1. Set the Förster distance to 41 Å, then compute FRET efficiency between GLN22 and THR116 from the Cβ-Cβ distance, nearest 0.05.
2. How far is helix 131-150 tilted, in degrees, relative to the longest principal axis of the Cα atoms in the chain, given as a value from 0 to 90 rounded to the nearest 10?
3. Can you send over the solvent-accessible area of ARG237, 1.4 Å probe, protein chains only, in Å² to the nearest 10?
4. Using protein chains only and a probe of 1.4 angstrom, how many square angstrom of SER99 are accessible, to the nearest 10?
5. When the dipole is taken about the Cα centre of the chain, and only Lys, Arg (+1) and Asp, Glu (-1) are charged at their Cβ, what size is it in debye, to the nearest 20?
6. If you take the beta carbon distance between VAL76 and GLU54 as r and set R0 to 41 Å, what does 1/(1 + (r/R0)^6) give as a FRET efficiency, to the nearest 0.05?
7. Mind listing the phi-derived Karplus ³J(HN,Hα) values for region 230-245, rounded to whole Hz, using 6.51, -1.76 and 1.60 with θ = phi - 60°, and x for any glycine or proline?
8. Each label point is 7 Å from the Cα along the Cα-to-Cβ direction; what then is the distance between the points at HIS2 and ARG169, in nm?
Amino acid sequence: MHVLITGAGGHLGRKLFDALEQDDGYRVSGIDIRPVDHPNIHAADLADGADWAELLNGVDVIVHLAGDREPAASWVSAVEHNMDATLELYHHAAKRGVSRVVLASSNWIHGDKRFTDDMLDSNTPPGPINAYGMSKLFCERTGAFFARHHDLSVICLRIGWTQWTHDNRPGPHMAMGRWGQEMWLSDRDFLNGTRCAINAKDVSFAALNLMSDNPGMRWDIDETRSVIGYSPQDGSRARITPRIALTSWLKNTLTVSVPKIIERRFPSW
């Protein structure tokens, strides 16, 4: 099976590239916006399909990890590097007979649920709160369109937090308090989950959470287990320090409680 990885020189892309390259079951190639010192990773800007479309010839599955990964991404960057680039990728993948795109989506699609008790699964209404989250929602919905109308299988993995510091160990050092810790994803669970998405049978479209099996988290991974056969090997319960508890209370008060009080008292505003 020929797997092409976009963003192959990045944090997650290179981990996946190196892992699949060592597996006899895969032929691996890659694209990255920056030059990478590897003969099978090609430099190209995905927003310009003329630069790289021929690299899709003979490819079976694309794992699309490229894009602006920053939650603080500007609209300009999110549109160009996430929305436009992914549309180009879907178009050329369908045109050249690629069977599946595995899309790196994000938990930021549910950014508005951080201070709620909602369970988070594929049926939870989206609520992105920044350009990055909105761009990932756009990529999911256009993926559903290409699955429905162009026979391109698309599996969107709402990837949890795989840190590029601290050897990706979970703990209170992680930002975003409980929310951040509970979305932790170990390296081997990331690799296992992505392999499952590459190899899954009879999936036209799916949007699935990909986190480790963290006790107490609100992200549902039962659907991920059922649809693609994901079997996480790791998990970590969030450790809530007094500082994390206080910070979370303050942010919840300022972003949720106070606006609700203002809305009730001044409904005509």
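The values are calculated or read from the model by the stated rules, or taken from the named source; none is laboratory data. Only a predicted model underlies this, so the values are computations on that prediction, with no experimental measurement involved. Cβ: placed from backbone, ideal geometry, glycine included. Neighbour counts: every protein chain shown. Please note that ligands, DNA and RNA were not included when accessible areas were found on the heavy atoms of the full protein model with its side chains. Shrake-Rupley method; radii C 1.70, N 1.55, O 1.52, S 1.80 Å.
1. 0.45
2. Long axis of 131-150 versus the principal axis of the chain: about 50 degrees.
3. That residue has around 150 Å² of solvent-accessible surface.
4. Counting only protein heavy atoms, SER99 exposes about 60 Å² to solvent.
5. Around 1080 debye, computed over the chain.
6. 0.90
7. In residue order, the calculated couplings are 5, 9, x, 9, 10, x, 8, 6, 4, 9, 9, 7, x, 5, 5, 4 Hz.
8. It is 4.3 nm.
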